[in-house]
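Student: One structure follows; several queries about it will come next.
The values are calculated or read from the model by the stated rules, or taken from the named source; none is laboratory data. Bear in mind the structure is a predicted one, so any value in this text is a computation, not a measurement. Neighbour counts run over all protein chains shown; Cβ positions are idealised from the backbone, glycine included.
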Amino acid sequence: MEQTFVDRVKITVRGGKGGDGIVSFRRERGIPFGGPNGGNGGNGGNVFLVASPALRTLLPFKFQQHFFASNGEPGRSSDQTGASGKDTVLEVPLGTVVFDSETEELLSDLTAKGQYVCVARGGRGGRGNSVFSSSTFQAPKIAEKGFLGEERKLLLEIKLLADVGLVGFPNVGKSTLITKISNSRAKIGDFPFTTLVPNLGVLKSPSGDGIIIADIPGLIEGSHKGAGLGHYFLRHVERTTLFLHLLDVSLSERSDPIADYETIWKELIAYNPLLKEKEEIVALNKADLSIPEVIEEAKAHFQRLGKTVFVISALTGEGIDELVKEIVRKVQATRAASQEGSDSFSFTESEPNKIPKVAPLWQPIPDRISLEIEKLAPDRYLVTGKALDDLSRRLDLRYPDSFKKFMDIIENSRLNALLIKRGVQNGDTVVLMDQEYSFFDYSLCEEEEHEESDDQITDV
């Protein structure tokens, strides 16, 4: 179990690229010069996460961290749109919290069977030349490439969905207790940190409902700062409705139930102050290894704090039945109150695999873009910039009208003015999209002629 329970992973997801639009014209017998009929590309696939009760761990994502949806297919002639890319659907355990690992934005909290979230949208398919046809532009040779899909780096964390959180110092008997009262088969040993992963057990109530109990390991002083194993598992206590706080009242040297209680609660509150509002039962364990005076002193102390206290022995079974009855009573009362006051939407389980359509990612091609000029040599300049790269990925420059539109956008972006401001002279080499051009601008000629005329006047 220690090798297979993984509750925190980072993955990369990417939606599919949209298919490219195409340039095509109707060519049939008797219609030698038909109009444009190039179809649009299909949309790229999306990446979804779906909550599944069949999974208990994020282990599969430990071995594969990159997940990509399929690209859309190119358009076809006769105005046929290319097929859309297939969605990628990843199943995750119930209780998975999804973050954007770069912005730390909370994307979703998947707590119900079939609940889904789209974590990477596919790009929209590029438009074919039939879209650009008009009364004044009857034979367009222009097409767009498909839009790139969304790419994200995600952090997935499991927060266990349990009714009861079993907390306490290492080696106080938590694993023995959860094995005694539920169907859990936790590892048991007489040394600290025997339990290295959260153990889940199901306690059957008289009504037949299952009450999930989570044994939260590794809590010691300094856990919220990373001491012991607590910093890995403290998040699992957040969803529990009831704390079962197990304390050691045996006569061993390390037994100090009152100090242990205060230390654990100090750690819980330091991690999340809202945890103090949860219901709590205190169980004084290992009564078979103690004496009445020690037990009564500890019991009286916690009763003065207003806590419900039980004296038990997880090993012999003393007091276990009464403890179980109280756990069932409190959990059922909490569930009833929660159902009465809940108006929130709940996902149905009837069609957990039905994923709705999501609008593809797309932005219109701008009329002008931001350009950057890099000086490579005294007479050689490079036109560059992210916006330029994006534009070249949007237009299929193999077609003449696509190239014309590309150059119109470059001209609207005042490339010549930027080059002149950077110090470019007529005859200098300008590199644009791996093509070399010899720069020429009439305004520079006029300036040179004006300077020559000034020199002549000065000579006279």
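Student: Select from region 393-443 the residues that are among the acidic types (Asp, Glu) and closer than 23 Å to Leu376 by Cβ and write down the one among them that is surrounded by the fewest Cβ atoms within 10 Å (Cβ to Cβ).
Tutor: Of everything passing the filter in region 393-443, Asp434 is surrounded by the fewest Cβ atoms within 10 Å (Cβ to Cβ).
Student: Out of region 272-290, which residues are surrounded by 19 or more Cβ atoms within 10 Å (Cβ to Cβ) and not hydrophobic (A, V, I, L, M, F, W, C)?
Tutor: Glu280, Asn285, Lys286, Ser290, listed by residue number.
Student: Restricting to region 89-108, what's the tally of residues that are more than 10 Å from the chain's Cα centre (by Cα) and either at positive phi or acidic (Asp, Glu) (or both)?
Tutor: Qualifying residue count, region 89-108: 2.
Student: Looking at Gly39 and the list (1) part of a loop (DSSP other than H, G, I, E, B); (2) closer than 30 Å to His236 by Cα, which single condition is not satisfied?
Tutor: Exception for Gly39: condition (2).
Student: Does region 406-422 hold any residues that are in a helix (DSSP H, G or I) and small (Gly, Ala, Ser), and which are they?
Tutor: Scanning region 406-422 gives a single hit, Ala417.
Student: Still on this structure: Can you pull out every residue in region 69-89 that is farther than 19 Å from Ser24 by Cα and surrounded by fewer than 19 Cβ atoms within 10 Å (Cβ to Cβ)?
Tutor: Correct list: Lys86, Val89.
Student: Further question: What is the number of the single condition among (1) of a type in the set (A, V, I, L, M, F, W, C); (2) under 19 Å from Glu436 (Cα atoms); (3) assigned to a helix (DSSP H, G or I) that Leu376 does not meet?
Tutor: Only one criterion is unmet by Leu376, namely (3).
Student: Would you confirm whether any residue within region 106-127 is surrounded by fewer than 24 Cβ atoms within 10 Å (Cβ to Cβ) and out of contact with any strand residue (DSSP E or B) (no Cβ under 9 Å at 6 or more places or on another chain)?
Tutor: Checking region 106-127: not a single residue is surrounded by fewer than 24 Cβ atoms within 10 Å (Cβ to Cβ) and out of contact with any strand residue (DSSP E or B) (no Cβ under 9 Å at 6 or more places or on another chain).
Student: Provide a single number: the residues in region 280-330 that are part of a strand (DSSP E or B) and among the hydrophobic types (A, V, I, L, M, F, W, C).
Tutor: 7
Student: Hey, among the residues in region 29-70 that are of a type in the set (A, V, I, L, M) and within 16 Å of the chain's Cα centre (by Cα), which one's modelled with the lowest pLDDT?
Tutor: Among those residues, the one meeting the criterion is Leu58.
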